[in-house]
Amino acid sequence: MDETAALAEFRAETRAWLEANCPEEMRQPVRSDSDICWGGRRFVFSSPAQKLWLERMATRGWTVPEWPRAYGGGGLSKEEARVLAQEMRRIRARPPLSSFGIWMLGPALLRYGSEAQKAEHLPKIARGEIRWCQGYSEPGAGSDLASLRTSAVLEGDHFIVNGQKVWTSYADRADWIFCLVRTEPDAPKHLGISFLLFDMESPGVSTAPIRLISGSSPFCQTFFDNVRVPRANLVGERGRGWEIAKYLLTHEREMIGGMDSGAAEGRDGLAQVAKRALGLGEDGRLPDSMLRTDVIRQEIDSWAFALTMERVKDEAKAGQGVGALSSMLKYYGTELNKRRMELMMSLQGTEGLLWEGEDREGDLARAWLRSRANSIEGGTSEVQLNIIAKTMLRLPAA
Amino acid sequence: MALVLTDDERMIRDSAEGFFAEHAPVAELRRLRDSRDPHGFDRALWARMAEMGFAGVAIPEAHGGAGLGMVAAGLIQEAIGRNLSLTPFLSTSILSATLLAKGGTAEQKAALLPRIAAAEIVVALAADEAPRHAPAHIGTRAHASGNGFRLTGTKPFVLDGHVADRLIVAARTSGADSEPAGITLFLVDPKAEGVRVERRSLVDSRNAARVTLEGVQVDGADVLGAVGEGFALLEAALDAGRACLAAEMLGVADRSFALTTEYLRTREQFGRPIGSFQALQHRAAHLFCELELAKSVTLKALRALDEGDSRSAIFASLAKAKVGEVARLATNEAVQMHGGIGMTDDADIGFYMKRARAAAETFGDSAFHGDRIACLMRY
Ligand SMILES: Cc1cc2nc3c(=O)[nH]c(=O)nc-3n(C[C@H](O)[C@H](O)[C@H](O)COP(=O)(O)OP(=O)(O)OC[C@H]3O[C@@H](n4cnc5c(N)ncnc54)[C@H](O)[C@@H]3O)c2cc1C
């Protein structure tokens with residue numbers, strides 16, 4: 001490859017550093033939620049290695065490699081960040097920290113936040129000190145998010161927030177919330193929304209977990225009863241929160257869509273799993289020919305999708321991007337991931353049905369069930385197709 | 001290298017698109033078909049393609065070509081797909097030129113490559129024998145005779161066979177009928193004794209012929225590459241052809257999609273544009289995503305060939321498999337969304353569906369290439 005000398009040097013240093021600093025335990029595949037480091041005030045590390053790995057990476061700013069150093073980031077260029085990601089994949093290092101702050105709020109604050117808001121919140125996200133949740137959906141506002149009704153009324157230096165959110169992932173474990181509220185009840189629906197940040201320990205905030213088909217309860221109903229939020233916690237202008245909300249969603253969608261993208265390199269591919277599960281026939285092919293065909297089709301599409309992620313990034317870097325592709329990545333990536341999980345279940349046959357037991361039995365079935373949400377969370381597949389039809393294809397409104 | 005076109009490549013793409021849109025648009029395909037043109041393509045266009053540097057785009061500069069490689073060739077073939085232009089570009093400038101450049105002796109290269117770059121000759125590849133692509137399946141035999149060989153066998157589907165000035169024939173000098181080892185490539189003059197060439201008419205109005213060889217005498221100097229070791233050379237050329245066919249199908253799919261979304265915006269039923277119906281919007285939006293994937297695999301396959309990537313065979317198959325499916329979906333949806341108009345010969349859209357089908361069948365469809373990918377990755 002035509003890597004510059006500087007980048008090659010960065011690669012060598014990074015490789016050596018990762019080898020020396022990534023604990024062995026943190027090179028094992030992530031098998032369930034407890035393997036993920038979410039950070040936050042009340043986070044309980046599942047092992048000393050998980051804690052050490054976070055601390056070491058945070059010290060280098062590599063939990064958020066491309067954020068500016070001033071806000072706890074690594075200050076890396078896109079090329080360097082890509083090298084870091086490749087080198088981490090090479091040793092199968094787990095992400096040191098996963099969080100809504102990194103994926104969603106951070107990018108939105110970097111673009112729309114005030115200097116004080118950036119200085120206050122970004123370093124805490126980078127170090128995993130504060131865990132955020134997303135207060136968007138409401139019982140009456142899912143796909144039609146802009147019809148949300150949670151209200152915020154300004155009284156002196158505070159907004160008084162009242163209303164209810166739903167499907168708030170990890171609301172019961174999060175420290176702070178970024179929340180869409182209606183500040184201008186009489187304005188057209190997209191123009192009356194504001195983007196607020198507040199502490200989940202504020203008086204008047206309460207949560208009630210919802211149990212999912214996977215058996216776990218990662219999300220909640222969240223209630224606000226006269227919650228007082230300092231005016232300074234408004235991001236951007238009053239009534240202009242929809243733009244920020246949408247910008248944040250593009251990041252969320254790319255993140256969710258990217259979950260299938262490790263297919264080509266590094267990740268333990270579906271074909272590998274299939275080989276282990278089925279063995280090979282005398283002709284060197286998987287013995288179950290219909291299942292083999294499904295695996296091949298899946299691998300072709302996964303690979304094509306991974307190359308598309310690569311191309312979209314390269315085009316953006318070269319200034320040739322066609323813009324709003326996040327809906328495409330979200331739609332296609334999540335549909336692919338669901339298909340992959342269906343195949344993973346098929347490959348394991350009845351063993352895939354196990355629910356509880358030793359040695360993490362049930363992980364696969366839970367992961368399969370969890371994957372069904374991919375095409376719902378962050379805006380459903382149907383909504384993404386609507387957006388593509390409107391913005392990319394310029395088809396007339398329904 | 002980044003998965004993005006360079007400025008130079010973008011210029012090639014634009015000039016190719018402009019060229020074929022002007023000189024060989026769909027109307028020209030219609031004219032050649034309706035007049036039952038005996039050549040099935042326009043030699044004047046072929047000559048112009050030499051002036052543009054297209055005919056020799058992938059031929060090294062030392063042999064009179066432009067030496068621009070496969071990405072450039074793919075961009076030309078994509079424009080050919082977009083305009084459904086009839087040219088011998090694939091058979092001559094890609095397949096034959098690759099075989100000669102990679103396997104030819106100095107004399108063979110000097111004799112043929114500059115003439116291809118100048119569009120003076122058409123050279124066709126006579127390899128496949130089975131209706132479903134099986135490149136190692138060669139039953140045509142080459143028996144040693146005098147200082148050369150005698151060839152006997154039938155090639156039922158030779159692209160541009162009836163207009164070819166020279167044939168490259170794959171024949172078996174040893175081994176069983178479907179073994180990769182024992183295949184040898186020969187340069188054959190179609191006017192030689194014992195060669196019979198019959199044009200066959202195809203659904204997509206492209207040129208193909210059945211070539212029958214009955215004891216055709218060739219001499220040792222006509223062997224292309226090493227005796228018995230032609231398969232690797234053949235596969236290298238086929239991979240170039242497959243990647244370029246993927247590019248062509250991308251052009252076919254992309255244009256038929258553009259025609260369709262335009263139709264969705266303008267055709268009205270129930271008092272509104274049919275493009276406002278969500279059932280159609282979602283299918284169109286899905287297709288948009290599939291086309292994005294098609295673009296990525298095509299560029300990757302072409303780049304991998306230029307870079308000598310050790311996985312270039314896999315990427316060629318990936319592109320041929322994926323884009324074949326996308327082009328089928330795009331053109332089938334196009335006909336459906338045009339309603340009755342889509343079924344008429346007057347509308348261009350049917351031509352796109354015909355070409356997508358033919359291009360997908362040529363040198364391996366998705367089933368063939370899916371299996372090939374899996375075998376190359378050992379599952
Ligand atoms: C695992 C998970 C985690 C989540 N985490 C969060 C979170 O942290 N914070 C948060 O705010 N929200 C979260 N959500 C909520 C998520 O964003 C919503 O569920 C989603 O936007 C869909 O809204 P809804 O559930 O009300 O479904 P609805 O909008 O009622 O949709 C029901 C069905 O109708 C379809 N539909 C709706 N409108 C249209 C249309 N115009 N055209 C065609 N079809 C349509 C939908 O596609 C869907 O199939 C989460 C959801 C899940 C599953």
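The values are calculated or read from the model by the stated rules, or taken from the named source; none is laboratory data. Remember, predicted model here, so these are calculated numbers, not experimental data. Ideal geometry is used to build each Cβ from the backbone, glycine not excepted, and the neighbour counts take in all protein chains shown. Note: areas computed on protein heavy atoms with side chains; ligands, DNA, RNA excluded. Shrake-Rupley method; radii C 1.70, N 1.55, O 1.52, S 1.80 Å.
Quick rundown of the values:
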| item | result |
| --- | --- |
| Residue within region A:334-350 that is among the basic types (Lys, Arg), more than 10 Å from chain B (Cβ to nearest Cβ) and either within 18 Å of the chain's Cα centre (by Cα) or within 16 Å of the ligand (Cβ to nearest atom) (or both) present | yes |
| Qualifying residue in region A:303-319 (condition: of a type in the set (S, T, N, Q), more than 7 Å from chain B (Cβ to nearest Cβ) and under 18 Å from B:Ala319 (Cβ atoms)) | no |
| Failed condition for B:Thr260, given (1) surrounded by fewer than 17 Cβ atoms within 10 Å (Cβ to Cβ); (2) more than 9 Å from chain A (Cβ to nearest Cβ) | (1) |
| Residue in region B:78-99 that is open to solvent by 10 Å² or more (accessible area, probe 1.4 Å), modelled with pLDDT under 95 and not in a helix (DSSP H, G or I) present | no |
| Among the candidates A:Ser137, A:Ser98, residue that is more than 14 Å from chain B (Cβ to nearest Cβ), within 16 Å of the ligand (Cβ to nearest atom), open to solvent by less than 20 Å² (accessible area, probe 1.4 Å) and of a type in the set (Ser, Thr, Tyr) | A:Ser98 |
| Selection count, region B:302-358, where residues are within 16 Å of the chain's Cα centre (by Cα) and over 25 Å from B:Arg13 (Cα atoms) | 0 |
| Enumeration of residues in region B:329-347 that are within 14 Å of chain A (Cβ to nearest Cβ) and open to solvent by 20 Å² or more (accessible area, probe 1.4 Å) | B:Leu329, B:Glu333 |
| Strands (runs of 3 or more DSSP E) fully within region B:127-228 counting 3 or more residues that are basic (Lys, Arg), surrounded by fewer than 22 Cβ atoms within 10 Å (Cβ to Cβ) and at pLDDT 95 or above | B:195-201 |
| Number of the exception - B:Leu293 against (1) more than 7 Å from every other protein chain (Cβ to nearest Cβ); (2) over 17 Å from A:Ala397 (Cβ atoms) | (1) |
| Residue count for region A:66-90, restricted to those that are touching a residue at least 60 places away in the same chain (Cβ under 8 Å) and open to solvent by less than 20 Å² (accessible area, probe 1.4 Å) | 3 |
| Within region B:31-52, tally of residues that are open to solvent by less than 50 Å² (accessible area, probe 1.4 Å) and in contact (Cβ under 8 Å) with a residue 24 or more places away in the chain | 9 |
| Where a residue in region A:213-226 is farther than 13 Å from A:Pro139 by Cβ and of a type in the set (Asp, Glu) and its partner, wherever it lies, is assigned to a strand (DSSP E or B) and more than 10 Å from the ligand (Cβ to nearest atom), with Cβ under 7 Å and at least six apart | A:Asp225/A:Asn162 |
| Count of residues meeting criterion [over 18 Å from B:Cys244 (Cβ atoms) and open to solvent by 20 Å² or more (accessible area, probe 1.4 Å)] in region B:348-373 | 5 |
| Some residue of region A:268-276 being touching a residue at least 40 places away in the same chain (Cβ under 8 Å), in the same structural domain as A:Gln298 (by TED's automatic domain parsing) and open to solvent by 20 Å² or more (accessible area, probe 1.4 Å) | yes |
| Matching residues, region A:373-392, being in a helix (DSSP H, G or I), open to solvent by 50 Å² or more (accessible area, probe 1.4 Å) and within 8 Å of the ligand (Cβ to nearest atom) | A:Glu382, A:Asn386 |
| Residue match in region A:146-155 (condition: modelled with pLDDT of 95 or more, more than 14 Å from chain B (Cβ to nearest Cβ), in a loop (DSSP other than H, G, I, E, B) and near the ligand (Cβ under 10 Å from one of its atoms)) | yes |
| Breaking point among (1) more than 13 Å from the ligand (Cβ to nearest atom); (2) surrounded by 15 or more Cβ atoms within 10 Å (Cβ to Cβ), for A:Pro203 | (2) |
| Residue list for region B:100-126, restricted to those being open to solvent by 20 Å² or more (accessible area, probe 1.4 Å) and under 23 Å from B:His162 (Cβ atoms) | B:Ala111, B:Arg115, B:Ala118, B:Glu120 |
| From B:Gly67, B:Gly81, B:Gly104, residue being within 18 Å of B:Ala237 (Cα to Cα), in contact with an Asp or Glu (Cβ under 7 Å, 6 or more places away or on another chain) and of a type in the set (Gly, Ala, Ser) | B:Gly67 |
| Residue within region A:173-180 that is more than 15 Å from the ligand (Cβ to nearest atom), modelled with pLDDT of 95 or more and open to solvent by less than 50 Å² (accessible area, probe 1.4 Å) present | no |
| Single residue of A:Glu252, A:Glu310 found to be on the phi < 0 side of the Ramachandran plot, within 16 Å of the ligand (Cβ to nearest atom), at pLDDT below 95 and in a helix (DSSP H, G or I) | A:Glu252 |
| Residues satisfying the stated conditions in region A:319-368, i.e. open to solvent by less than 70 Å² (accessible area, probe 1.4 Å) and of a type in the set (Val, Ile, Thr) | A:Thr334 |
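So that you can scan it fast, the table gives a plain yes or no per residue for (1) within 24 Å of A:Gly257 (Cα to Cα); (2) under 17 Å from the mean Cα position of the chain (by Cα); (3) not basic (Lys, Arg):
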{"site": "A:Glu356", "(1), (2), (3)": "no, no, yes"}
{"site": "A:Arg370", "(1), (2), (3)": "yes, yes, no"}
{"site": "A:Glu382", "(1), (2), (3)": "yes, no, yes"}
{"site": "A:Lys390", "(1), (2), (3)": "yes, no, no"}
{"site": "A:Leu393", "(1), (2), (3)": "yes, no, yes"}
